[in-house]
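See below for the structure under consideration.
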Amino acid sequence: MLGKLIKYEWKSTYKMCGIIIMVIAGMTLVGALGFVLPFNLIMEDSEALEESMMGAFWAMMMMMSMMLYIVALVGASYAMMIYLGVHFYKTMYTDEGYLTQTLPVTPRQLLFSKTLVAGIWNLLVGLSIGISIMILIFAFISSIAPPEAWRELDEVWREIQREMARDMDAQLSFSIAHAVLSLLLMFIVTPFCTMMTMFGALTIGQLSRKYKALIGILSYFGMMIVQSILMQVLQFVFTFGNVLFQNSIGTENYTNVFGTYDSSIVVALIMGVSMYFVAHHILTKKLNMD
């Protein structure tokens, strides 16, 4: 039955979520064309453009394209979150939710299927935004760097990698493995924990007799404040603890580059797991859909 729940959840969300990702792809093209092409025109004939209104026009086009691009990416990320939150609330706690609650499934299966699918979509939109930014950077560099410069950049990058591999542990006190693992875990874990935190907050709103949706939204913002406080505390603990460790072994070359990522992962897991058990308890013992 869990497989059917996941399949149904995917079918009910793929259209809107797919549209959001397509918007990101479209805005990537708009951002690349709207920024790179005017930049090329300005670079090709900068003196003539400086003496005409066309220079100001192309500069304005570049600024507007970048602003539109940034707003679109941020809007797409929030649109995905809002849509998934509304979809969860609609299918769990409105009239449609009555049907959902009568299915021969457990609250654990409902929460798992919805969090899994929502987390995957949240992961995909984050991946799409990352790829979009990389494409824009690549397009910009390609527009200003001649072909022969790429060989020099490749050599510089290889030298940087060699220096990092040789000196990173001694000078910054963290390993490449730690860096890769921290970023990978943050990228994978955070989307699922974020969705579970949202779903748990919306479920807490069901404990109220009135304004359940509003209470759920306020609960979510409250959870974000708590998460921010926990992150600051853990980041301080990681930094202070590592500094003490370095001092104990007589090493002063310490920079806690990945303390923020480590604390983000830990806090996301704490919030996600905690809100799962809260939501499961409410669905099992406290849910009132009057």
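Determine the gain in length on full extension of the stretch MET66-ILE19; use 0.36 nm per residue of separation and subtract their C-alpha separation, reporting nm with one decimal.
On the way: separation 47, 0.36 × 47 = 16.92 nm, distance 2.12 nm.
Gain in length upon complete extension: 14.8 nm.
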Review point. Which shape class applies to region 58-106: rounded if a/c is under 1.5, otherwise prolate when a/b exceeds b/c and oblate if not, where a ≥ b ≥ c are the square roots of the Cα gyration tensor eigenvalues?
Key: prolate
**Study point:** Pairwise label distance in nanometres, ILE82 with ILE141, each label 7 Å out on the Cα-Cβ vector
**Key:** 3.5 nm
Check your understanding: In what sequence, highest mean first, do 267-277, 20-30, 188-198, 220-230 appear when ranked by Cβ atoms within 10 angstrom?
Key -> 188-198, 267-277, 20-30, 220-230
Revision key, fill the gap. re region 87-132: pairs of Cα atoms spaced beyond 17 Å account for a percent value of 44 percent
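Provide TRP121, TRP10 ordered by accessible surface of protein heavy atoms (probe 1.4 Å), highest first.
Numbers: TRP121 15, TRP10 95 Å².
These residues rank, largest area first, as TRP10, TRP121.
The values are calculated or read from the model by the stated rules, or taken from the named source; none is laboratory data. Computed from a prediction, not measured in an experiment: that's the story for all the values here. In this analysis, Cβ positions are derived from the backbone assuming ideal geometry, glycine residues included, and neighbour counts consider all displayed protein chains. We work out accessible area using only protein heavy atoms, side chains counted, and drop any ligands, DNA or RNA first. Shrake-Rupley method; radii C 1.70, N 1.55, O 1.52, S 1.80 Å.
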